[in-house]
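Accompanying notes for the structure given below.
Bear in mind these aren't lab numbers, they're just calculated from the coordinates by the rules spelled out. Being a predicted model, the structure only gives us computed values, none of them experimental. Glycine gets a Cβ as well: all are built from the backbone with ideal geometry, and neighbour counts include every protein chain shown.
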Amino acid sequence: MQLEDDKRKELYRKMVTVRLLEKRVEQLVTAARIPCSGHFGLGQEAVGVGICGPLRYSDYIFGTHRGFAEYIGKGLTPREILSEYYGKATSLSRGRLGQHLLKPEIGIMPLPSSLGSEFGMAVGTALSTKLRGSDQVTVNLFGEGTAGQADFGPSLEMASLWQLPLVFVCNNNQYVELAHYRNVVATEDIAPRAGAYGIPYEIVDGNDIALVYGATAEAVSRARQGEGPMFLEFKTYRRCTHYTGDPGGYQPQEEIEIWVQKDPIDRCRATMMAEGMWTEADEQAMLASIADEIEAAVKFAEESPYPDPATIYEHIYA
Amino acid sequence: MNRRITFIQAVREAFQEEMRRDERVFVMGQDVQAGIFATTSKLVDEFGPARVINTPICESASVGAAVGAAMTGLRPVVQIMFGDFNYLAMEMTANQAGQWHYISDGALKVPMVIETPSGARGGAGYGHSQSLEAAFILPPGLKVAVPATPYDAKGLLKSAIRDDNPVLFFEHRRLLPQRGEVPEEEYLIPLGQADIKRVGSDVTLVAVSVTVHKALAAAEKLSQRGIEVEVIDPRTLVPLDKDTIFQSLQKTYHLVVVEEGRKRGGFGAELAAIAVEEWFDYLDAPVQRLGTISAALPYSPVLEAACIPSEEDIVQAVLRSLGQEE
Ligand SMILES: Cc1ncc(C[n+]2csc(CCOP(=O)(O)OP(=O)(O)O)c2C)c(N)n1
Ligand SMILES: [Mg+2]
């Protein structure tokens, strides 16, 4: 499916927002303004942003712990993210969620602390839409390391058996914490595992926003039309360390360099400029506007009050 | 001669000594080669990747693999990176590891350790913060170690590795960087031996893991008001050194128990039940229990702090026990 100009610009802006926001949050974590550690996805922004491109607000996504791409992609704002990360009373969860970003109203479903615990839940939301006769689609995004988790296989089985409107998306960024993925993952590709369960799959360059968008759009439209699940694997690379407390040093510099050359944001900008739909002036205006948005969000989060401890007794049971 | 080393170093020394001593001992878990929280880092340099094994992200199969290896003559230590993730492996731990020795009428043994950093530390959120040690009191066949100091950690881990049963070894994340005295010479601490961390005559205060330090601080404050609290660290919840607690109670007649695990169905519930059942004549006041509220732990540090027992909560519980509430 083609990526229209306006959509491309929208996704481009989102990728840049993700990158700048992650950088800013990293500073805030390091400065102990934000109490949690941060996990970022430098260089892999096209995956999370691109897969949300074809989604509607009513579609469900289960995202990952790494960075903000799918959250910004699905419509969460820097202000919502920052107030959550700060643990402030003005956050959507009034300080309860932190990194576990959530906004069911726009289809952002739980990010479990335990990797892989989303597999079953994603089967459940897809089953629910099918039973309810709705045409919503569920997207389940996870890392290549998480594909080792126990519920991975059974979820593929159920999705295939029941022909659910579920798109599995493996973000293969080649690292699982501090180890190269081949240290703990038996195969180079994850996607062919889906074939064993009768689910069609595709392996795609995850650093090309148009390809990510296109492959996802196909899978989503199949799912929406009742043609069952699909499995996509996007090849990308994590150019940062695992988290803010990780000093790094285990990723070869040459390897990082290769992926700097394939940077998804640079590639998207180059394409847009070559096609005459983007100018240096557009770029500068966009950067300024994103910076304003992020700084306003930081200010808002900084100035918001902490939640009242008395609220801990609310919503213990529904 | 005593040195002061961190909890992390103490644990690593226990690994080194036991792995040198017994080649059946090996370590497995996610990123144990790099050592994500450092207790296992550098072990791979000395013992090689065959004895320091990085596993895929699957807690259930990793614990399962440890059970199988343990049944067939090895002594695995499997690391579960966060205590919370033990629930993913609960089937293997509770239904399998803990039960095969008994139902095989002794034919099988499962000598293994689950090493698991855990606990609340402000800002880690609902699924990386829980103290779940009490969840392992219920299943049969398991032992549960909850060291509060580097000294205890080293001595208990060495005993846990040598024990012929599955042992859960909880390391509170707030304790990992703390320093304490640890002798150069080898020593072991038997599983099932409590330690009196402070002597006192007015109230027996049993504290688990990180709360030992809060209890000691509370005891210090209370002492300034003329109340002498005896702080007992059980060090293992199973087996439980009831004798040491009972001896203290025979002196104080007042029992307070504190843990960071949830109060409902927690270790305090078990201890209070034992007290009522076995030591009824030695209770001059209701047992006071402190633990975390039965809610998901919220992320915001101000909320988290409100959910878990504080030093001040302990002071108040001791005063309540003595009928001196403020
Ligand atoms: C059940 C569970 N085990 C372990 C962890 C700790 N952990 C957090 S991120 C991570 C690595 C995940 O690797 P991958 O799936 O490739 O995703 P990536 O971080 O590369 O995006 C691990 C092991 C966890 N959160 N949940
Ligand atoms: Mg990865």
### Query
Fully extended, how many nm does the chain gain between A:Y57 and A:Y317 (0.36 nm per residue separation, minus their Cα-Cα distance)?
90.8 nm
### Query
What lysines sit close enough to A:K88 to cross-link, taking a C-alpha to C-alpha distance under 20 Å and skipping anything fewer than 8 places away on the same chain?
A:K103, A:K299
### Message
Along the Cα→Cβ direction, 7 angstrom out, place labels at B:S201 and B:K221. What is the inter-label distance in nm?
### Response
2.5
### Query
In a GNM of chain A with a 10 Å cut-off on Cα contacts, which of A:A150, A:A281, A:A270 has the highest mean-square fluctuation?
A:A281
### Query
Which one of B:F26, A:G38, A:G228 has its Cα pushed farthest toward the positive end of the charge dipole of the protein assembly as shown, where Lys and Arg give +1 and Asp and Glu give -1 at the Cβ?
A:G228
### Task
Please report, in debye to the nearest 20, how large the charge dipole of region B:4-181 is about its Cα centre when each Lys and Arg carries +1 at its beta carbon and each Asp and Glu carries -1 there.
360
### Message
Of A:C240, A:L55, A:S83, which is farthest towards the positive pole of chain A's charge dipole, taken about the Cα centre with +1 and -1 on the beta-carbons of Lys, Arg and Asp, Glu respectively?
### Response
A:S83
### Task
Could you please tell me the mean projected area of the C-alpha convex hull for region B:4-181, averaged over all directions and given in square nanometres to one decimal?
9.3
### Query
Based on Cβ point charges of +1 for Lys and Arg and -1 for Asp and Glu, what charge dipole magnitude is obtained for the protein assembly as shown about its Cα centre, in debye rounded to the nearest 20?
180
### Task
Could you tell me the distance between the Cα centroids of region A:220-257 and region A:81-103, to the nearest Å?
25
### Task
Taking the Cβ of B:V78 as the centre, find all other residues whose Cβ is under 10 Å away and add up their charges (Lys, Arg: +1; Asp, Glu: -1).
-2
### Query
When the dipole is taken about the Cα centre of chain A, and only Lys, Arg (+1) and Asp, Glu (-1) are charged at their Cβ, what size is it in debye, to the nearest 20?
620
### Query
Just from its helices, what would the mean residue ellipticity at 222 nm be for the protein assembly as shown, if runs of 4 or more DSSP H residues each count -39500 (n - 2.57) and the sum is divided by every residue, rounded to the nearest 500 deg cm²/dmol?
-11500 deg cm²/dmol
### Query
At what distance in nm do the modelled label points of A:T30 and B:A107 sit from each other, each positioned 7 Å from its Cα along Cα→Cβ?
6.0
### Task
Just name one of B:L156, B:S118, B:G106: the one whose Cα is farthest towards the positive end of the charge dipole of region B:99-198 (beta-carbon charges, Lys/Arg +1, Asp/Glu -1).
B:S118
### Query
Convex hull over the alpha-carbon atoms of region A:184-318: what's its volume per residue in Å³?
263
## Note on the structure
Out of A:Y175, A:Y60, A:Y250, a Gaussian network model of chain A with alpha-carbon springs under 10 Å gives the largest mean-square fluctuation to A:Y250
## Note on the structure
Here the equivalent ellipsoid of region B:195-321, derived from its Cα gyration tensor, has semi-axes (largest first, whole Å) of 22, 17, 13
### Message
Taking each pair of distinct Cα atoms in region A:265-318 once, what is the resulting Kirkwood hydrodynamic radius in Å?
### Response
15.0
#### Entry: 13 Å beta-carbon shell around A:G98, net charge (K/R +1, D/E -1)
+1
#### Entry: chain B: proportion of alpha-carbon pairs further apart than 28 angstrom, %
39
### Message
Please check: in the Gaussian network model of chain B (C-alpha springs, under 10 Å), which one of B:T236, B:T93, B:T55 has the largest mean-square fluctuation.
### Response
B:T55
## Note on the structure
Per the protein assembly as shown, sqrt(5λ) over the Cα gyration tensor eigenvalues, sorted largest first, in Å, gives 47, 28, 23
### Task
With the convex hull built on the Cα atoms of region A:96-145, state its orientation-averaged projected area in nm².
4.1
### Query
Once phi is turned into θ = phi - 60°, what whole-Hz ³J(HN,Hα) does the Karplus curve with 6.51, -1.76 and 1.60 give for every residue of region A:32-37, x standing for Gly and Pro?
6, 7, 10, x, 8, 8
### Message
How charged is the neighbourhood of B:V63? Take every other residue with its Cβ under 12 Å from the Cβ of B:V63, and add Lys/Arg as +1 and Asp/Glu as -1.
### Response
-3
### Query
How big is the Kirkwood radius of region A:5-298, worked out from every pair of different alpha carbons and given in Å to one decimal?
19.2
### Query
For A:W162 and A:I256 in the same chain, what is the full-extension length gain: residue separation times 0.36 nm, less their Cα-Cα distance, in nm?
29.7 nm
### Query
Quick one: which of A:K23/B:K214; B:K143/B:K221; B:K214/B:K263 span more than 28 angstrom between C-alpha atoms?
A:K23/B:K214; B:K143/B:K221
